[in-house]
């Protein structure tokens, strides 16, 4: 215990020194570069790019999406960057024939298409874009309906406690809460015959006039998506690269429906649901079962398609240094003005701004790679294939992968790995929130762990690359619908593109900080401090037998030993060390926390010791996932096993940091 107190004291004394050196070295240059970026990144450029990317529906594999890719390539070349593209042949589900109808009390059809709005010309042009869930099986299922809230395990448990038989029923569930793939997996476990997902107005977080009169959800909005369980393994199922043990394909029939369709069904259900299950529709939210019965039918269409990832690079002073990647995806379910066109625009504008700074004399120490992924919406297919080819079969060096999916609202947030958070915190101090004019650092949300529903997944858990996903806003009513178009975006989503501009400026300065710092810009002391706190919290909550408590304490000591060494190295100053050699060791230190790809005994979610899928909502990322899962399963022997894995990873990393410490101490001062 005295040793732990001593280590904590050293940490408290030395971390401010580390922070001081970072701020002292960077504050002047970052401040001036933030001002330059404000002039280089313009809303005029953003509006032009948004129009090029979001004027037509462009699902992955379509000619329209190929045209969007060509527009990106043309813009990158006009900027003056070297570009390349890598194509793949894949099989993608197309919108099939779906039908939903009451079979009792009166046989009638339930509308499952979106309404064309006279005030929104884009909705008319997308009339053929039928809503569907990709990869759902062909079906013709009929049964009584139950209302199951979010469709998570607790919801089905409650229904069973009320004496409701749920097997063989058609479950009506809210689209928010746990992710679609998790709803699917639980439905499979419970023997559900079919799933109907609708966007509950209450889950949008505000009451405002429905679109097109205001920004709120209207009765006809339907939210498409992939039904793959990509938290088990991302990418194209059944490909030569896929994990054959990961059963990612769904087996329960499912359809996305509107709030209007959901209300028609809810009005015909008996029973009473808890207060927290009730939304804002004009109905009692009965649980059922029945008396309403519905028939869910769907016939899928799967076609061969071509997708391609697009790349550009800004050369650094030392090409042998691990690069920093800035990325997004560009395929959409329909227009995708917010998701993904605003994200693609942010990456493009960041590329334009960084290249302009480079022509004026700034030069990054390491390469900056810009990546635009294809077929993200289907299950991170383009990014996963690239990672599999460049990390699993060979080795590509990346210091970090920064990702932007979309601009969705007024509050900055991020899913950021510990180790990349401190630098971002400083970057945010140089920008003012467009609404309050306070520093973004004062009004931004707290960082979450990287999740398992975007292109960061294969990087964090197949390749072990530190990732950060940045965004403005989170949920938004028009998500994956025909109404996520330029009309909604320019009137309500981001009028005048002030948040899109701000996010591009933040990303650009973040990239400058990460590519200008020497040695490698990853804070191992931040990693250790964060996971030390996580272990201490789990230790207190676990409250198990002495052997488990003892192992927790041993693991905490290992992490604190690592932290003390990391703090010492990060506060060291020596101009004559072999930076290239140190960076190579630091990159291997990062990789210490991820099991090598050849270890097939570990499932995808357990490969990275530091981050993985949550047991409750597998699309959400949590710290020390294998330890948390073992605790959730109440298996003390597995808790011991997973704590040992954490110890081994931190010990492996500490030995590498010791090599860095020796190099610094031996270097001439």
Spin-label pair residue 99/residue 652, simplified geometry with 7 Å Cα→Cβ offset, distance in nm: 5.5 nm
Percent breakdown of C-alpha pair distances by 10 Å bin, ordered from the shortest bin, for the stretch 315-466: 10, 35, 39, 15, 1
Acute angle (nearest 10 degrees) that the helix 636-666 long axis makes with the longest principal axis of the chain, alpha-carbon atoms: 40 degrees
Radius of gyration and maximum dimension Dmax of the stretch 186-261, Cα, Å: 16.6, 49
Ratio of Rg to Rh over the stretch 119-274 (Cα coordinates, Kirkwood Rh, two decimals): 0.99
Label-to-label distance, nm, for residues given as residue 536 and residue 74 (7 Å Cα→Cβ offset): 5.7 nm
Rounded to 5, the percent of DSSP beta bridges in the chain classed as antiparallel: 60 percent
Isotropically averaged projected area of the stretch 482-562, using the convex hull of Cα atoms (one quarter of hull area), nm²: 10.0 nm²
Simple label model, 7 Å out from Cα along Cβ direction - residue 362 to residue 320, nm: 2.7 nm
Helix axis angle, 180-190 relative to the chain longest principal axis, alpha carbon, degrees: 60 degrees
Equivalent ellipsoid semi-axes - Cα gyration tensor, the stretch 259-394, angstrom: 48, 20, 14
Least to most buried among 576, 460 (fewest other Cβ within 10 Å first): 576, 460
Rounded Å value of the spacing that divides the Cα centres of the stretch 482-516 and the stretch 334-368: 11 Å
At 1.306 mPa s and 10 °C, Stokes diffusion of the chain via Kirkwood alpha-carbon radius, µm² per second: 61 µm²/s
Gain upon complete extension [residue 203, residue 107; 0.36 nm per residue less C-alpha separation]: 31.5 nm
Ordering of 416-422, 616-622 by packing [mean C-beta count within 10 Å, highest first]: 416-422, 616-622
Which of 56, 540 has the fewest Cβ neighbours within 10 Å, and the rest in rising order: 540, 56
Using distinct alpha-carbon pairs, which all enter the 1/r mean, Kirkwood radius of the stretch 457-516 in Å: 14.0 Å
Once the Cα gyration tensor of the stretch 391-437 is diagonalised, semi-axes √(5λ) in Å: 29, 14, 8
Peptide ranges 609-615, 578-584 listed from the most packed, as the mean C-beta count within 10 angstrom indicates: 609-615, 578-584
Convex hull volume of the stretch 146-214 per residue (C-alpha atoms, cubic angstrom): 93 Å³
Sequence ranges 43-50, 496-503, 481-488, ranked by mean other-Cβ count within 10 angstrom, highest first: 481-488, 496-503, 43-50
Shape box of the stretch 573-669 [Cα atoms, principal axes, largest first, Å]: 53, 25, 24
The stretch 406-550: radius of gyration and largest Cα-Cα distance (Dmax), Å: 18.3, 61
Helix axis angle, 579-591 relative to the chain longest principal axis, alpha carbon, degrees: 40 degrees
The chain, relative contact order [Cα under 8 Å, separation at least 6], %: 17 percent
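Any read-out appearing in this document is the output of simple, stated calculations on the displayed coordinates, not a laboratory observation. Keep in mind that what you see is a predicted model, and the values were worked out from it rather than measured. A quick note on method: Cβ atoms are made from the backbone with ideal geometry, for glycine too, and the neighbour counts reach across all protein chains shown.
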